[in-house]
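Please treat every number below as a calculation from the coordinates, not as lab data. Remember, it's a predicted structure, so these values are computed and weren't measured experimentally. So basically every Cβ, Gly included, is an ideal-geometry build from the backbone, and we count neighbours across all protein chains shown.
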Amino acid sequence: MSKWDRSAIEELLAFLPCETPAAWLDEAVRQLPLLLMDHANCEKKAASNAMTLMYRYVDRSDLLIKMSQLAREELLHFEQVVNLMRERDIDYERIGPSRYAGALREGMRTDRHGALIDSLIIGAIVEARSCERFYALAPRLDETLAKYYRSLLRSEARHFQDYLSLAHQYAMPGEDVDARVAFYLAREKSLIESPDECFRFHSGVPVAISSGAPTAFGS
């Protein structure tokens, strides 16, 4: 790992309120097909979220450029994960989401400006958690997957930084962005450390060792 990558990881670990519990990492190794399936979904959703911001806030030129770049990278990652699944004879199936993103968004403000700042903060937290999990998972995976997850560290860390810098850039005079960040980080910590019956890439602590079969959509 390069000096830059180590610095980025240290920044992420300092930002996030907790590290991924060992129980989740153990379950991720047991449920590797499901992990990859939901990882692909996460990349696709990340691209979609970036494009949604581009359509809603067409007057923010810096946002348009950064979100355009982010969406392209996330779609490339989606293709890469699907190819890794294909090489392992893992079918890409439709599965339901975890509670994670929806629970984070429950606290979002509804006015146009507030929704923008909160969306950017949530985006930063999701990207940071993804990067932290790539980092934590890599030593537990086979050489091919470990190398791929390490290769994602730089781009995902940059996405985290872009989201957070945009939130500060577009804040209104006197608006306390750090307070909103703290609000969402507290919520995120609860989601990561509390029991979770649904195993996904951003799920909480598994309540039991599962069979390894993907959870059907809507279950």
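Among the residues that make up segment 133-150, is at least one of them out of contact with any His (no Cβ under 7 Å at 6 or more places or on another chain), among the aliphatic types (A, V, I, L, M) and crowded, with 23+ Cβ neighbours inside 10 Å? No, segment 133-150 has no match at all.
Those residues that are part of a helix (DSSP H, G or I) and more than 14 Å from the chain's Cα centre (by Cα), I need them from segment 16-36; list them, please. Break it down stepwise before answering.
So in segment 16-36, the residues part of a helix (DSSP H, G or I) come out as 22-30, 32-36.
Hits for segment 16-36 are Ala22, Ala23, Trp24, Leu25, Asp26, Glu27, Ala28, Val29, Arg30, Leu32, Pro33, Leu34.
The set of residues in segment 139-177 being closer than 18 Å to Leu76 by Cα and of a type in the set (S, T, N, Q) consists of Thr144, Ser151, Ser155.
One residue is enough: does segment 170-179 have a residue meeting the conditions at negative phi, in a helix (DSSP H, G or I) and either of a type in the set (A, V, I, L, M) or touching a Cys at 6+ places or on another chain (Cβ under 6 Å) (or both)? First the steps, then the outcome.
Looking only at segment 170-179, we keep the residues that are at negative phi, and these are 170-173, 175-179.
Keeping just the survivors that are in a helix (DSSP H, G or I) gives 177-179.
Cutting the leftovers down to either of a type in the set (A, V, I, L, M) or touching a Cys at 6+ places or on another chain (Cβ under 6 Å) (or both) gives us 177, 179.
Yes, some residue in segment 170-179 is at negative phi, in a helix (DSSP H, G or I) and either of a type in the set (A, V, I, L, M) or touching a Cys at 6+ places or on another chain (Cβ under 6 Å) (or both).
Scanning segment 104-132 for residues that are among the β-branched types (Val, Ile, Thr) and surrounded by 16 or more Cβ atoms within 10 Å (Cβ to Cβ) turns up Ile117, Ile121, Ile122, Ile125, Val126.
Taking the criterion of being of a type in the set (Val, Ile, Thr) and either part of a helix (DSSP H, G or I) or buried (at least 20 other Cβ atoms within 10 Å of the Cβ) (or both), the only residue of segment 47-63 that qualifies is Thr52.
Entry remark, segment 1-46: residues being surrounded by fewer than 20 Cβ atoms within 10 Å (Cβ to Cβ) and in contact with a Leu (Cβ under 6 Å, 6 or more places away or on another chain) number 2 in total. Hey, can you tell me all the residues within segment 73-116 that are over 30 Å from Met172 (Cβ atoms), assigned to a loop (DSSP other than H, G, I, E, B) and out of contact with any strand residue (DSSP E or B) (no Cβ under 9 Å at 6 or more places or on another chain)? Matches in segment 73-116: Arg88, Asp89, Ile90, Asp91, Tyr92, Glu93, Arg94, Ile95, Gly96, Pro97. Would you check if Lys66 is under 27 Å from Arg180 (Cβ atoms) and surrounded by fewer than 18 Cβ atoms within 10 Å (Cβ to Cβ)? No.
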